[in-house]
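As structure tokens, the structure follows; a few thoughts come after it.
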Amino acid sequence: MADEQGTGEPDGAFARQRTGAAVNGILDNVGAATRNLPPQDGEPSGPEVGDLAVQDGGNWDPVSNAGNGALIIYDGTNWQLVVDIGSDLS
């Protein structure tokens with residue numbers, strides 16, 4: 001790129017740096033909520049296909065997992081077991 005502004009840097013370099021920093025800041029937060037899924041004591045409202053949740057097992061156990069907490073996924077009709085956590089999380 002040319003340095004038509006006389007700044008010593010190619011035109012647009014500063015804008016790209018600022019935009020890149022902003023995008024990286026936003027992307028740092030992507031997925032942060034999925035790192036910690038708090039146990040739910042009731043069905044989340046309006047679940048959609050592919051939603052993940054952790055049932056607490058004591059108050060909410062839609063997959064009949066013997067009262068144990070579990071990671072579950074919504075298939076559009078029912079919640080399905082992904083993995084048994086192995087203890088009541090309520």
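The values are calculated or read from the model by the stated rules, or taken from the named source; none is laboratory data. Small disclaimer: the values here were computed from a predicted structure and weren't measured. Cβ coordinates were reconstructed from backbone atoms using ideal geometry, including for glycine residues, and neighbour counts include every protein chain displayed. Quick note on the areas: whole protein, heavy atoms, side chains included, nothing else; ligands and nucleic acids left out. Shrake-Rupley method; radii C 1.70, N 1.55, O 1.52, S 1.80 Å.
Being touching a residue at least 12 places away in the same chain (Cβ under 8 Å), among the aliphatic types (A, V, I, L, M), open to solvent by less than 60 Å² (accessible area, probe 1.4 Å) and assigned to a loop (DSSP other than H, G, I, E, B) is the requirement here; does Val54 meet it?
No: the conditions fail for Val54.
With the structure loaded, tell me whether Asp41 is under 23 Å from Leu89 (Cα atoms), at pLDDT 60 or above and among the charged types (D, E, K, R) or whether it fails that test.
yes
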